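The values are calculated or read from the model by the stated rules, or taken from the named source; none is laboratory data. Remember, it's a predicted structure, so these values are computed and weren't measured experimentally. Cβ placement follows ideal geometry from the backbone for every residue including glycine, while neighbour counts extend to all protein chains displayed.
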Amino acid sequence: MDRRDFFKDAAAAGVMLSAVAPGITEILYPEPVIAQTQAAAPVSCAVIGLGDRGLQMLRELASMTELNLAVICDSYEPFIKRALEHAPKASTTTDYKQILDNKSIQAVIIATPSNLHKQIVLDSLQAGKHVYCEAPIAHTIDDAHIIAAAGKQASPKLIFQAGLQRRVNPQYLHVHKLLTTGALGDAAYCRAQWHNKTSWRRSSPNHDQEIMLNWRLSKLTSPGLVGEMGIHSIDLMNWYLNALPSAVTGFGSIIHWNDGRDVPDTMQCMIEYPNGVRFGYDATLVNSFDDAYDVMHGSDSAFFMRGEKAWMINEADAQLAGWIVYARKEPVNDSVGVVLVADASKLLALGKIPGKDGAAAPAKTMLHYALKEFATAVQTGKQPSAGPEEGYKATVVALLANQAVNTNSRVEIRQEMLSLA
């Protein structure tokens, strides 16, 4: 292959190659195009819900200039006291409606338990506030439909963004670009997992408050492991496969945490997509081994994604694009994978080698990119990557998967169930 053909193939693959050291070449991806907002005033916002996810929001907001955190809210005062350590300048309230009456607040970030989302979202949109709602957007399909329909109806005047962070994360955008070139070949099978030994149980001296804190452990209020954690992998596969599933078979058991809960602490499900493609997902609170990852298997290659890193592992009989010869490679289990590097251009500017020196410091989390996109959407009116439609579809599939897990059965997913019409 001559030099002209090499760069022609690289351009066709949607990537750029740049020498980073003698004899070393990396796959470089352009930064995602996000509207410039430096000249725009920060978006005044409030965070409603100060549990573990709410605290993550506060930590992220503390380092962001695009969003100005003005108020924090939770009905549980010990959570407010804890949150003030991360947001000492914010005012506080136990009643979210006080935020909605505050004309200076432009947007609300809702991180409450999913069973409390509906009324807060509806009231927020009615009050003219832009809404970032954590995923799943609801704990029932009916509530999800009401929330998403309201978000869609409020557009384009108001922004409704679902917390499906991978759709705006540079690493996952890079993988998606390669998938659109056909680098996977024929999709055969996908799988993902989330393993973390933790009880999910919270304690309180107040019995009623303890029940509220442990909403994840009751089928009345919880979307289960697949709804809480699996929804992100489900949305990823919907996006990457450019398809919606037709059925899901699930299994669930309480293996270890026999503490009165009725939500399985271990689950598996098989989600069926068109053309015979299946996606297997499993999650457990019983064991932490092998952590979490997503993988897609195709006739030409596999894409393996773990956290902020990703690799492409080619089949021996696959026709290789010219740029692969020059790409950095490293062991992935018993194979060798092409390193797919996010923020490569920034690393080069720092004199580092992408794929070797890790991400550019300070590393940005998926949540950072999602909140930044939300701020940009509010400032520019550009709709976010994960709007009402995406949030609704991912939530419905996750909730039907949870239904299959709770009943150890196969559940049909009719396409009209995934429509907001």
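Values computed for the structure shown
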item: Criterion: surrounded by 15 or more Cβ atoms within 10 Å (Cβ to Cβ) and closer than 25 Å to Ser199 by Cβ - qualifying residue of Val286, Val277, Val332, Val338; result: Val286
item: Residue among Ala62, Ala41 that alone is farther than 28 Å from Gly224 by Cβ and in contact with a His (Cβ under 7 Å, 6 or more places away or on another chain); result: Ala62
item: Qualifying residue in region 260-279 (condition: of a type in the set (D, E, K, R), over 27 Å from Tyr172 (Cα atoms) and more than 22 Å from the chain's Cα centre (by Cα)); result: yes
item: Scope region 401-421; condition in contact (Cβ under 8 Å) with a residue 24 or more places away in the chain and either among the polar types (S, T, N, Q) or touching a Gly at 6+ places or on another chain (Cβ under 9 Å) (or both); matching residues; result: Ala401, Asn402, Gln403, Ala404, Val405, Asn406, Thr407, Asn408, Ser409, Arg410, Val411, Gln415
item: Selection within region 289-318 - under 20 Å from the mean Cα position of the chain (by Cα) and surrounded by 15 or more Cβ atoms within 10 Å (Cβ to Cβ); result: Ala292, Tyr293, Asp294, Val295, Met296, Phe303, Phe304, Met305, Glu308, Lys309, Ala310, Trp311
item: Matching residues in region 239-253 - criterion: being over 21 Å from the mean Cα position of the chain (by Cα) and of a type in the set (Val, Ile, Thr); result: Thr249
item: Of residues in region 40-67 being in contact with a helix residue (DSSP H, G or I) (Cβ under 8 Å, 6 or more places away or on another chain) and in a helix (DSSP H, G or I), the one nearest to Leu116 (Cα to Cα); result: Gly54
item: Matching entry among Ala327, Ala283, Ala302 (being modelled with pLDDT of 70 or more and touching a helix residue (DSSP H, G or I) at 6+ places or on another chain (Cβ under 6 Å)); result: Ala283
item: Hey, Lys89 at negative phi, surrounded by fewer than 16 Cβ atoms within 10 Å (Cβ to Cβ) and among the charged types (D, E, K, R) or not; result: yes
item: Residue ID - surrounded by the fewest Cβ atoms within 10 Å (Cβ to Cβ), chosen from residues in region 107-137 that are more than 22 Å from Met212 (Cβ to Cβ), aliphatic (A, V, I, L, M) and in contact with a Lys or Arg (Cβ under 9 Å, 6 or more places away or on another chain); result: Ala127
item: Check on Ala127, over 16 Å from Ala46 (Cβ atoms), among the small types (Gly, Ala, Ser) and in contact with a Leu (Cβ under 9 Å, 6 or more places away or on another chain); result: no
item: Subset of region 347-387 (residues that are surrounded by 21 or more Cβ atoms within 10 Å (Cβ to Cβ), at pLDDT 95 or above and not in a loop (DSSP other than H, G, I, E, B)); result: Tyr369, Ala370, Leu371, Glu373, Phe374, Ala375, Thr376, Ala377, Val378
item: Tally, over region 241-266, of residues that are crowded, with 22+ Cβ neighbours inside 10 Å and not small (Gly, Ala, Ser); result: 5
item: Every residue from region 165-198 that is of a type in the set (Ser, Thr, Tyr), assigned to a helix (DSSP H, G or I) and more than 16 Å from Trp311 (Cβ to Cβ); result: Thr180
item: Residue within region 281-290 that is touching a Leu at 6+ places or on another chain (Cβ under 8 Å) and part of a strand (DSSP E or B) present; result: yes
item: Members of region 119-164 that are within 15 Å of Thr395 (Cα to Cα), of a type in the set (A, V, I, L, M) and in a loop (DSSP other than H, G, I, E, B); result: Ala135, Ile137, Ala138, Leu164
item: Residue among Thr198, Thr140, Thr221, Thr181 that is surrounded by fewer than 19 Cβ atoms within 10 Å (Cβ to Cβ), closer than 20 Å to Leu418 by Cα and not acidic (Asp, Glu); result: Thr140
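Residue-by-condition table, conditions (1) at pLDDT below 95; (2) at positive phi; (3) outside the structural domain of Tyr240 (by TED's automatic domain parsing); (4) among the hydrophobic types (A, V, I, L, M, F, W, C):
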residue	(1), (2), (3), (4)
His174	yes, no, no, no
Gly185	no, yes, no, no
Trp200	no, yes, no, yes
Asn206	yes, no, no, no
Arg216	no, no, no, no
Thr221	no, no, no, no
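Conditions (1) surrounded by fewer than 17 Cβ atoms within 10 Å (Cβ to Cβ); (2) touching a helix residue (DSSP H, G or I) at 6+ places or on another chain (Cβ under 6 Å); (3) in a strand (DSSP E or B); (4) at pLDDT 95 or above, marked per residue:
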{"residue": "Ile27", "(1), (2), (3), (4)": "no, no, yes, no"}
{"residue": "Ile34", "(1), (2), (3), (4)": "yes, yes, no, no"}
{"residue": "Leu69", "(1), (2), (3), (4)": "no, yes, yes, yes"}
{"residue": "Ile72", "(1), (2), (3), (4)": "no, yes, yes, yes"}
{"residue": "Arg82", "(1), (2), (3), (4)": "yes, no, no, yes"}
